[in-house]
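Following: one structure in structure tokens, then a few remarks.
The values are calculated or read from the model by the stated rules, or taken from the named source; none is laboratory data. Quantities reported herein were computed from a predicted structural model and do not represent experimental measurements. Cβ: placed from backbone, ideal geometry, glycine included. Neighbour counts: every protein chain shown.
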Amino acid sequence: MKRAISAVAMGAALVCSVPAFAEKSPLLGSWSVDTARLPVPPEQRPKSVIISFSEAAGGKWHMDVEITLADGTYSHGITTFDLDGTPAPASGNPEADLAAARLPAPGVLIVGLSKGGVPGSFRVYAIQPDGDHQIETASYFNPDGTPYTRYNYFTRVK
């Protein structure tokens with residue numbers, strides 16, 4: 001129950017009005033995770049994670065996530081979403097089949113994920129002052145409903 005209430009509260013943050021920005025978001029482009037800083041044992045860390053954000057038709061955004069795991073297994077997740085918090089289908093992602101996103105500021109993107117109707121995680125992508133680094137704050141729930149958060153550090157690829 002706590003998990004559902006917390007997910008609803010976090011989801012409510014996604015339905016606030018979307019401000020219009022005159023500038024392009026500095027999040028647009030491709031980003032590589034610093035695998036050495038991932039909070040998992042080195043032997044379990046993926047070989048690479050590349051996240052790309054691009055503009056799509058109709059004011060939507062496209063998110064492309066390419067992951068090569070430690071054992072060489074590859075996954076490629078994609079979704080195209082409005083920035084108004086409307087759920088959109090996600091494919092190829094082991095964590096999600098739906099995503100909803102908001103851009104509350106040009107350098108901040110909030111994404112909520114779910115799979116099979118079960119709330120998953122919330123991700124906040126925030127550009128750092130240098131424009132070439134971003135931090136992904138990922139918030140999850142343990143099976144007992146307690147939340148936990150981790151940070152992932154990215155560097156701009158292009």
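What to note about this one:
- Residues located in segment 148-157, provided they are under 20 Å from residue 108 (Cα atoms), of a type outside the set (S, T, N, Q) and not in a loop (DSSP other than H, G, I, E, B): 150, 151, 153, 154, 156
- Members of segment 123-142 that are β-branched (Val, Ile, Thr) and either in contact (Cβ under 8 Å) with a residue 60 or more places away in the chain or outside any strand (DSSP E or B) (or both): 127
- Total residues in segment 90-114, condition among the charged types (D, E, K, R) and either under 17 Å from residue 61 (Cα atoms) or modelled with pLDDT of 95 or more (or both): 2
- The residue list 120, 112, 145 contains one member that is small (Gly, Ala, Ser), assigned to a strand (DSSP E or B) and touching a residue at least 60 places away in the same chain (Cβ under 8 Å), which is 112.
- Scanning segment 33-56 for residues that are surrounded by fewer than 16 Cβ atoms within 10 Å (Cβ to Cβ) and either touching a residue at least 24 places away in the same chain (Cβ under 8 Å) or in a strand (DSSP E or B) (or both) yields 34, 37, 39, 43, 44, 47, 48, 54, 55, 56.
- Residue satisfying all of: in segment 132-146; modelled with pLDDT of 95 or more and not hydroxyl-bearing (Ser, Thr, Tyr); farthest from the chain's Cα centre (by Cα) among these: 132
- Segment 57-80: number of residues that are exposed (fewer than 14 other Cβ atoms within 10 Å of the Cβ) and closer than 17 Å to residue 102 by Cα: 3
- Some residue of segment 75-90 being under 14 Å from the mean Cα position of the chain (by Cα), more than 24 Å from residue 143 (Cβ to Cβ), outside any strand (DSSP E or B) and among the aliphatic types (A, V, I, L, M): yes
- Residue 117 fulfils the conditions (1) surrounded by 14 or more Cβ atoms within 10 Å (Cβ to Cβ); (2) modelled with pLDDT under 95 except for a single criterion, (1).
- Pair list, Cβ under 7 Å, 6 or more apart: segment 59-86 residue closer than 15 Å to residue 112 by Cβ, other residue modelled with pLDDT of 95 or more and assigned to a loop (DSSP other than H, G, I, E, B): 61/83; 81/60; 82/60
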